[in-house]
Structures are given as structure tokens and as C-alpha cells.
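Asks: This is the structure I have questions about; it appears just below.
The values are calculated or read from the model by the stated rules, or taken from the named source; none is laboratory data. From a predicted model like this one, the values you see are computed outputs, not experimental measurements. All Cβ positions, even for glycine, are placed from backbone atoms using ideal geometry, and neighbour counts span all protein chains on display. These accessible areas exclude ligands, DNA and RNA; they are computed on the full protein's heavy atoms, side chains included. Shrake-Rupley method; radii C 1.70, N 1.55, O 1.52, S 1.80 Å.
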Amino acid sequence: MRLSPKDKGIGLVVNTGIGVKGGPEISRLRQACTFPRLAQTRTLRSILENARETEYGKEHHFDKILEARSEKELYSLYRKYNKPAEYEDFRPYVNRMMQGEADILFPGHPLLYATTSGSSASPKFVPISDLYLNGIYRKMSLVWMYSFMTCRPRVFSGKVFTVVGKQTEGLAPDGTMLGSVSSYTNKSTPTLVQDRYVIPSIVYTIDDYATRNYVLMRLAIEQNVTLYVTPNPSTVVELQNVVDKWLDEFITDIGGGTLTGKVDVPPEVREAVEPLLKPNHTRAFELRALQSQYERVLPKHFWPDLQIICTWKCGNTSIYLKQMADFFPENTCHLELGYFSTECRAGLAIEEGIDSVLMPHMHFYEFKKEKDMDNPKAPFYCLHELKEGGRYCPFVTTFSGLYRYSMNDIIQVGSNFIKSPRVHMVRKANGIVSITGEKLYEEQFISAVDKAQESTGMKLNYYTGYVNLSKGCYDWYFEFENGRVTQRKANAFAAIVDENLKKLNIEYESKRNSFRLKNPEVFLLQRDSFQKFKEFILNRNHRDASRFKPNVLAQNEEHHDVIHHLRQEGNQQEN
């Protein structure tokens, strides 16, 4: 299946529409990045002015801050009356909003609450304002689509395959929708682009990931996809595994215009999808020919015109990027998705490479140096003060009710886009780890282990967990009080910890259930492992013992190697 003249004509129409709408937004971005210092001052004033009459604005003296007569005074007053914040600082305000109160963090009511994992068992509910969704998200999507078009002019000639979360995951007490920010990002693209989508939104409501993945690829593999967008590269790997397993069934379905009964598709999804399916003998024949020709049928075979694959390429994605290195046609451009999270779509990668352009006219940014992130007296830096190559922890202020909010990330500064720094994600900050977007908090791991000890009666002298990027899982190390605990019992204990974590962290549950995050690996430790670990690290690095406090859950290769050497040799056998 190759692009026809008609397909290319449709692509030109889409490009024209994106050019008309996206061109002015690109111009505004370029202007802001030419004068980032001025743009940031104006943005902060605009955000504070918008929220000055809200409950939060009144409590935090937005009116006094806006009386500032200089940039220096503005920033000084803002930092005086508004301390750096985590989500838990905003939760009481969000709880009031969810009960129906208006004008709390921003004027009026949220359009929705985007859900993501938090440090406690209760997830974060991030309020999304109308101004933020329609004044920020939509405009950023126009910039994003414009960058696709300029990178690969034929990107919209074929179909668009996006993999996102559920649009609706529930309702707040006042009836406001709880949902996936990726779903709304998907819907904030121009209508001309949405008309090219392969997947009806109802497919994303399927709870069982094995079923959902089958339906996704059943629909996508039939089409000539030219743009493939999904945040996590682990999803790309998992969907290819689905093709490996189900290709025969896909060919049968496509040839017959059916959706197999071998997977348990919810009736409402089947009812919505089946009328869209028609017998496609030509495509079935093409796929059968590919199957006979290649040992493994990959996207470069069934989507030979794929122009762009867009995923995260930074942080802990290297293991999946290596696995998918040979998946795509030689001329396919692999673009970085950009620096954003549920809380803030902070920047976009609008050119090839890993760095994202921040948006000086849409968000207000502050930064702390990585080495000072735990020092409350350390200075904050503005966007124009960042140094290339430096690593920082960002804090954002948005039009959606987050003020001096810590992103809990470590970013590195790249070269400038015009005169404004570009950045890319390095890792989550201290106390948070992530392999494929799950954002697992240290306190969640501790809580999950504590609950497992309570429910089983199996006590631990010491335990710790580390990211294992090469295997796409966590390595858990347990030193049980009872030194005769076997590997089998340790595995059963770990299974309980795993289930506890699923209850504590919705992102962890999602990644485990969708097979993007593999089963944790479990190791039994020698007696007095912590003391041996501590002595080794202190002797190697000449550290002050009084200040030695390693994380219980971490991504630290040096510490991981040491603790791995302290595991018991071989598996104990069941008595």
C-alpha cells in the first residue's frame, strides 16, 4: 500500500489548513523567543491578573505583586508571597473545586481534571481551565502540527495513528469530567488532522489492555499510516509484539471486514467499530505476502510511507528506543514528543533532536540548579539566566492554577532557539523514579512494602528497589528477619507488594496491566546488607557517615551494582 495522488492531494489540503492556523502561532513563538525576558515578565503579569480575584490570588497577594514597578520587584514580591509548591499544597483548593466551588485557583470552574499518579494513594487531579485548554493547548498543538508539516511535508497524506488514554475516567463530585490529558491533547489538534485519525475515541475506553491493543492494531495495520504518535516508546514495542502474535488473525479480519471474537471486545465498542469495517482483500493479500517474505513483519514493511514517529526520546527511554531501532522505514523521522506532563505542557520539540522549545509567552518558568534542589535558601533562576549544559529543576506557573509548582524533574539546557534556551528531560528528581512514565514515588514503595509485611507477617530487616532499564522492570532486594525465607516465598511477598503498588499508583497499575512495565525481579540479600552497603559506599566515596541517607527506591547505577553484589548466591530451596 503506497500513497496515491489522491492521498497526496489530501495532504496538501491539510498542510494548507495548518499553515493558515499554525503560521501565526509560530510567528508569536519566534517573537517570544527573540525577547524571552520581556515575554516572561508579561506572561507572569497576565497569569496573576487573570487570577487576582480568585481565592488563591487573594490569599497570596496577587494584587500587591501586580503593583510592582519593575521586573526585579515583580519577581521579588511573587517569590515573597508564593513559596515553591508541590501538588499536596494545592490539593485542599482542588478538593473545594471538585465540590463545585468557583473562582478558587482560577476564574470559574475547570473544564476537566486530568488524572495522574501522586505521592499518596490518592491520585492527582489537575484542574484544566478553559483558558488553558483553548488558549494554550490548542495553540501549542497548532505549533506542533506545523512543525510536523515542515519536517515532512507528506506527513498528513496518509492516516494518523495516535495512542492515548481514556477521555473519561470518572466524574468529580460536582460532575466535572476526570480524564486523560493525552486524550485532550489528541482532541486539541485541528479538525483537518482529526479527520485523518485511524482510531475512533471509543476504542480508548477498553479497560483490558490486551483487547485494546488488538483493536488498535487491527484498525491501524489496515491503513497506510504516515504519522504515528504515542508518548511512551514502550507502547510501540508492545504493539509490535501484538502484531507478532496476531498477524494471522489481523489478515483474516481485514480480508473479511470483521473484528474477531477471540478477544473480548465490549459490546458498545464492537457496535461502534464494526460498521466501519469492510472486506479489504487487497490489503489482506499485501499483508500475507509480507508475512511470507519476512521473518518478522515490522512497521517499515506494512507502513512503508511512514513519515514521522513521535515519542519521548529522553529520560528512561533508551531500552525501548534500542528495541525499536529497526522498526521503521529508513527515511522516517523520529521526533521527540516534547517536555510536558499532566500538570504542564511546558515545551515542544519542533525540530529534529531531543531538545524542546519552552514557551515564554504561555507559561512562567523558574529553575533551581540540580545541586541546590534540596537547599531552600538556594536562588531561583529565570529562563534567560539558564546556562547551556546546566542541569536544573523547573518550577512552573500556569494559566490553569499552578503557581511555582515543582515539576520534580531534572532537565538539561541545550542550545538556544533564537535567544531562548531549549531543554530536555534527564530524569525524575529525588524521590521519584520512572521507567515508562509511571512516576513511582519512594513513599509509595515504602507503603506497599509496609502493607505486605502487615498482611503476611513476614518482617524485613532491610529492603530497597532500583530501576532496571535493560529489562524494563524494577529490581527489588529483600533481607528478611527470618534468614530461612526461600526465593519462592520472597517472590510471593513481592507479588503482594506489586499489587499494593497498583492500588497506590494509577500510572504504575496502567503500565503493569498494559505490559509496558515488566514483572519486578526479586533478590534475597545477605545478613546485615545495609551495613555492608553503607561501609562500601562511604569507603569508596569518602563521604560523611552522618549524612549518608540513600534512597529506598532509586535510579543509581553505582548503588545498584553494590547492592546486587550483596544478594545471596543462588536460590534457596523450599524446605
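Asks: Determine, at each q value in 0.05, 0.07, 0.10 (inverse angstroms), the log₁₀ of I(q)/I(0) that the Debye formula gives when each Cα of the chain is one equal point scatterer.
Replies: -0.23, -0.46, -0.94
Asks: Can you tell me which of 5-12, 372-379 comes out highest on packing, and rank the rest after it, using the mean Cβ neighbours within 10 Å? Let's see the in-between values first.
Replies: On the way: 5-12: 14.0, 372-379: 11.0.
Ranking the peptides 5-12, 372-379 by packing returns 5-12, 372-379.
Asks: Mean separation of Cα pairs under 8 Å and 6+ residues apart, divided by the residue count of the stretch 136-248: what relative contact order is that in percent?
Replies: 32 percent
Asks: Once amide H atoms are built 1.01 Å from N in the peptide plane, which residues 5 or more positions from E336, or in another chain, come under 5 Å H to H?
Replies: Distant-sequence amide H within range of E336: G353.
Asks: Of the listed peptides 148-161, 185-198, what is their order by residue-averaged count of other C-beta atoms within 10 Å, with the highest listed first?
Replies: Per-residue Cβ counts within 10 Å, averaged per peptide and sorted highest first, yield 148-161, 185-198.
Asks: Sticking with this one: For the stretch 256-353, which chymotrypsin sites (Phe, Trp or Tyr not before Pro) pass both filters: DSSP loop (anything but H, G, I, E, B) and at most 16 other C-beta atoms within 10 Å?
Replies: Y294
Asks: Are there DSSP H segments in the chain that both extend 24 Å or more along their axis (alpha-carbon positions) and score a mean Kyte-Doolittle hydropathy of at least -1.0? List them, or say none.
Replies: Passing helices, by number: 5-34, 233-256, 487-504.
Asks: Strictly over 32 Å apart at the Cα level, which of K187/K502; K322/K387; K262/K511; K83/K139; K159/K262 would you flag in this model?
Replies: Distance filter (> 32 Å) returns an empty set.
Asks: Another question, if that's okay. Would you kindly give the portion of the calculated P(r) for the stretch 54-115 that falls above 17 Å, as a percent of all Cα pairs?
Replies: Above the 17 Å cut-off, the stretch 54-115 has 48 percent of its Cα pairs.
Asks: Here's another thing I want to ask about it. At 1.4 Å probe radius, can you tell me the per residue accessible area of the chain in Å²?
Replies: Result: 43 Å² per residue.
Asks: Related question: Could you tell me what a quarter of the Cα convex hull surface of the stretch 226-328 works out to, in nm² with one decimal place?
Replies: Mean shadow area of the hull around the Cα atoms is 7.5 nm².
Asks: Assuming 0.36 nm per residue, please report the length gained on full extension of the stretch K58 to A378 beyond their Cα-Cα distance.
Replies: Stretched fully, the K58-A378 segment lengthens by 112.5 nm.
Asks: How much space per residue, in cubic angstrom, does the convex hull of the C-alpha atoms of the stretch 203-260 take up? If you can, show how the numbers build up before the last one.
Replies: Numbers: hull volume 5.2 nm³, N = 58.
Once divided by residue count, the hull of the stretch 203-260 is 90 Å³.
Asks: I need the GluC sites (Glu not before Pro) found in the stretch 296-394, filtered to DSSP loop residues with at most 13 other beta carbons within 10 Å of theirs.
Replies: E330, E352, E388
Asks: Another question about this same structure. Normalised by the number of residues in the chain, what is the relative contact order in percent for Cα pairs under 8 Å and 6+ residues apart?
Replies: Numbers: 1035 pairs, mean separation 80.9, N = 575.
Relative contact order here is 14 percent.
Asks: Normalised by the empirical 2.2 N^0.38 Å for globular proteins, what value does the Cα Rg of the stretch 305-448 take?
Replies: The value comes to 1.11.
Asks: OK, next. Per the 1.4 Å probe, what fraction of the accessible area of the chain, in percent, lies on carbon and sulfur atoms?
Replies: Taking all protein chains in place, the chain shows 49 percent carbon and sulfur surface.
Asks: Taking every pair of alpha-carbon atoms in the stretch 273-387, give the share separated by more than 20 Å as a whole percent.
Replies: 64 percent
Asks: Pairs of alpha-carbon atoms within less than 8 angstrom and 6+ residues apart define the contacts here; what relative contact order does the stretch 1-83 have, in percent? Intermediate results must be reported in sequence, preceding the final value.
Replies: Numbers: 30 pairs, mean separation 12.3, N = 83.
Normalised by residue count, the contact order of the stretch 1-83 is 15 percent.
Asks: A follow-up question, please. State the dimensionless ratio Rg/Rh of the stretch 180-287 (Rg: radius of gyration of Cα atoms; Rh: Kirkwood radius).
Replies: Taking Rg over the Kirkwood Rh, I get 0.94.
Asks: Trypsin sites (Lys or Arg not before Pro) within the stretch 290-361: which are DSSP loop residues with at most 16 other Cβ atoms inside 10 Å?
Replies: R296
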